[in-house]
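Undergrad: Structure below; questions to follow.
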Amino acid sequence: MRLGLAGREVHLGYSTNVHAGDPVPVAARVRALLGVPRLGLGLWLPSGAARALRSSPGGVARLRERLEAHGLYVFTLNGFPFGDFHAERVKESVFCPDWTDPARLAYTLDLAHIAIELCDGEPTISTLPLGRRGVDVAACARTLRTLAQRLDELAQRSGRGVTVCLEPEPGCALESIAEAAAFLRDHRRLALCYDACHAAVAFEIDDGLPADAPLGKVQISAAIEVRNPSDATARDALAAFDEPRFLHQVRTARGDAALDLPEALARLPRDAPWRVHFHVPIHRDAAPPLGTTREALRRLLARLAVAGPTHFEVETYTWTVLPPADRPRGDEALAQGIAAEIRWARAALGA
């Protein structure tokens with residue numbers, strides 16, 4: 001949806017990476033529940049679907065027409081998950097291919113061409129922060145310079161620019177906002193995708209942004225917080241979130257790190273709060289003894305409503321892997337949950 005904030009037009013929607021299949025039926029229901037004439041989407045297309053859509057004569061135009069018929073539009077694309085994001089096991093494979101691999105460049109360029117035809121205005125595409133920690137950063141930089149050249153050529157032909165936004169994540173080459181901002185100083189056509197869950201896990205959500213950080217889009221998300229991990233009841237409650245599909249990195253307030261929940265529960269120190277990379281619904285807190293970083297997210301959105309980017313995307317892709325009692329039963333329940341999240345985000349933005 002389009003919102004007026006601090007004298008600028010802002011887009012608020014949600015990322016369709018929550019859907020394993022066709023997102024249109026649920027998205028249309030979300031729009032109806034919100035009672036808005038048009039609902040914005042952050043479209044996720046796996047690499048094969050993106051290549052097929054770009055290669056299909058008239059395919060993007062037909063998709064746009066179908067979206068418009070349901071009161072939907074796309075303002076940003078999620079280009080982080082490359083393959084099947086709803087496979088039985090994703091885990092570390094979500095970081096593959098990294099930015100040393102030509103396949104990542106080809107995928108992102110497919111998305112850029114689709115975005116120019118599908119979106120109004122200046123579209124953004126979020127992508128992984130180079131790769132896992134230890135990736136060849138210099139090789140990634142070379143590939144991204146090639147990307148910038150190709151995006152320049154696309155802008156010259158179309159008259160419109162596409163910005164690719166690197167999304168810092170724990171365990172990656174660009175784990176922190178500060179690391180990403182430093183890397184971006186030397187690159188064109190790139191900006192920062194601020195994922196609030198990731199920033200919370202890194203205990204930097206309240207730090208503010210570096211003054212020179214080019215902020216392209218915000219992914220509105222919240223992390224699990226274990227305020228007293230020495231409490232066995234809290235650890236038992238956290239263990240219920242250990243599921244086999246996605247990676248759930250854990251950090252402590254002192255900087256201790258675990259790649260996934262089983263490792264954290266086995267060995268992390270318990271004398272400082274933990275935060276967990278599990279995108280929990282933003283409109284509600286977790287049941288005690290667990291908490292979430294929702295209040296830090298609320299403060300962030302209040303700041304960004306005054307001076308921030310124009311693309312805001314709710315990204316709770318984990319609805320179907322929540323503990324069984326919290327999972328939506330069917331598409332109607334999922335649509336209601338997503339609509340509640342967007343209402344909460346709109347209120348937090350002051351719109």
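The values are calculated or read from the model by the stated rules, or taken from the named source; none is laboratory data. Remember, predicted model here, so these are calculated numbers, not experimental data. Reconstructed Cβ throughout: ideal geometry from the backbone, glycine too, with neighbour counts over all protein chains shown. These accessible areas exclude ligands, DNA and RNA; they are computed on the full protein's heavy atoms, side chains included. Shrake-Rupley method; radii C 1.70, N 1.55, O 1.52, S 1.80 Å.
Undergrad: In square nanometres and to one decimal, what's the mean projected area of the convex hull around the Cα atoms of the chain?
TA: Mean projected area of the Cα convex hull: 16.3 nm².
Undergrad: Semi-axes of the equivalent ellipsoid for the range 197-302, please: Cα gyration tensor eigenvalues, times 5, square-rooted, ordered largest first, whole Å.
TA: 24, 15, 13
Undergrad: Here is a further query. If you build a Gaussian network model of the chain, linking Cα atoms that sit under 10 Å apart, which residue out of Gly171, Gly58, Gly131 swings the most?
TA: Comparing Gly171, Gly58, Gly131 in the GNM, the peak value goes to Gly58.
Undergrad: Quick check for me: using +1 on Lys/Arg Cβ and -1 on Asp/Glu Cβ, what's the dipole size of the chain about its Cα centre, in debye to the nearest 20?
TA: The dipole magnitude comes to about 700 debye.
Undergrad: Something else now. About its Cα centre, how strong a charge dipole does the range 1-148 have in debye, to the nearest 20, once Lys and Arg get +1 and Asp and Glu get -1 at the Cβ?
TA: That gives the range 1-148 a dipole magnitude of about 140 debye.
Undergrad: May I ask which residue of Ala239, Gln156, Val218 lies farthest towards the positive end of the charge dipole of the chain, with charges of +1 (Lys, Arg) and -1 (Asp, Glu) on Cβ and the Cα centre as origin?
TA: Toward the positive end, the furthest listed residue is Gln156.
Undergrad: Turning to a different aspect of this structure: For the range 79-208, what's the relative contact order in percent, using C-alpha pairs closer than 8 Å and at least 6 residues apart?
TA: 23 percent
Undergrad: May I pose another question? With the chain treated as a Gaussian network of Cα nodes joined by springs under 10 Å, which of Glu153, Glu243, Glu204 yields the largest mean-square fluctuation?
TA: Answer for the Gaussian network model of the chain: Glu153.
Undergrad: In terms of modelled amide H atoms, which long-range or inter-chain residues lie less than 5 Å from the amide H of Leu215?
TA: Leu192
Undergrad: While we're here: Using alpha-carbon pairs under 8 Å, 6+ residues apart, how would you state the relative contact order of the range 203-351 in percent?
TA: Rounded, it is 31 percent for the range 203-351.
Undergrad: What figure in square angstrom, to the nearest 10, would you give for the accessible area of Glu92 with a 1.4 Å probe?
TA: For Glu92, the solvent-accessible surface is approximately 60 Å².
Undergrad: Any chance you could check the Cα centroid distance between the range 152-166 and the range 87-101 for me, in angstrom?
TA: Each part reduced to its Cα centre gives a spacing of 26 Å.
Undergrad: Kindly sort Trp319, Trp344 by accessible area of their heavy atoms, largest first, with the probe set to 1.4 Å.
TA: Trp344, Trp319
Undergrad: Taking θ as phi - 60°, what are the ³J(HN,Hα) couplings along the range 88-100 by the Karplus curve (6.51, -1.76, 1.60), each to the nearest whole Hz, with x for Gly and Pro?
TA: 4, 9, 10, 6, 5, 5, 5, 8, 10, x, 8, 7, 8
Undergrad: I've got another one for you. Tally Lys/Arg at +1 and Asp/Glu at -1 over every other residue whose Cβ is under 15 Å from the Cβ of Ala234; what's the total?
TA: -2
Undergrad: Just to be sure I understand: with springs between alpha-carbon atoms less than 10 Å apart, which residue in Asn78, Asn228, Asn17 has the highest mean-square fluctuation in the Gaussian network model of the chain?
TA: Greatest mean-square fluctuation among the candidates belongs to Asn228.
Undergrad: Under the Karplus relation 6.51 cos²θ - 1.76 cosθ + 1.60, θ = phi - 60°, what is the ordered set of whole-Hz ³J(HN,Hα) values for the range 239-254, x standing for Gly and Pro?
TA: Calculated HN-Hα couplings, in order: 4, 5, 8, 6, 10, x, 8, 9, 8, 10, 5, 10, 10, 9, 5, 9 Hz.
Undergrad: Which residues' amide hydrogens lie under 5 Å from the amide hydrogen of Asp195, considering only partners 5 or more residues apart or on another chain, with H built in the peptide plane?
TA: Distant-sequence amide H within range of Asp195: Gln219.
Undergrad: Along each of its three principal axes, how wide is the spread of alpha-carbon positions in the range 1-81, in whole angstrom units, largest first?
TA: 39, 24, 23
Undergrad: Taking amide H positions as placed 1.01 Å from N in the peptide plane, with prolines and chain starts having none, which residues 5 or more places from Leu72, or on another chain, fall under 5 Å of its amide H?
TA: Leu39
Undergrad: Got a sec? Charge dipole of the chain, +1 on Cβ for Lys and Arg, -1 for Asp and Glu; which of Ala191, Val74, Ala49 is way out at the positive end?
TA: Positive-end residue among those listed: Val74.
Undergrad: Give me the distance between the Cα centres of the range 172-200 and the range 1-18, rounded to whole Å.
TA: About 21 Å separates the Cα centre of the range 172-200 from the one of the range 1-18.
Undergrad: Over the chain, what is the mean sequence separation of C-alpha contacts under 8 Å (at least six apart), divided by residue count, expressed as relative contact order in percent?
TA: RCO, the chain: 19 percent.
Undergrad: Taking square-rooted eigenvalues a ≥ b ≥ c of the alpha carbon gyration tensor, is the range 139-232 rounded, prolate or oblate, where a/c under 1.5 means rounded and, failing that, a/b exceeding b/c means prolate?
TA: Prolate shape, in that a/c is at least 1.5 and a/b is the bigger ratio.
Undergrad: Give a residue-ordered list of calculated ³J(HN,Hα) values for the range 335-344 (Karplus: 6.51 cos²θ - 1.76 cosθ + 1.60, θ = phi - 60°; whole Hz; x for Gly, Pro).
TA: 4, 5, x, 5, 4, 5, 5, 5, 4, 5
Undergrad: Give me the Kirkwood hydrodynamic radius of the range 32-117, using the inverse of the mean 1/r over all pairs of distinct Cα atoms, in Å to one decimal.
TA: This gives a value of 14.2 Å.
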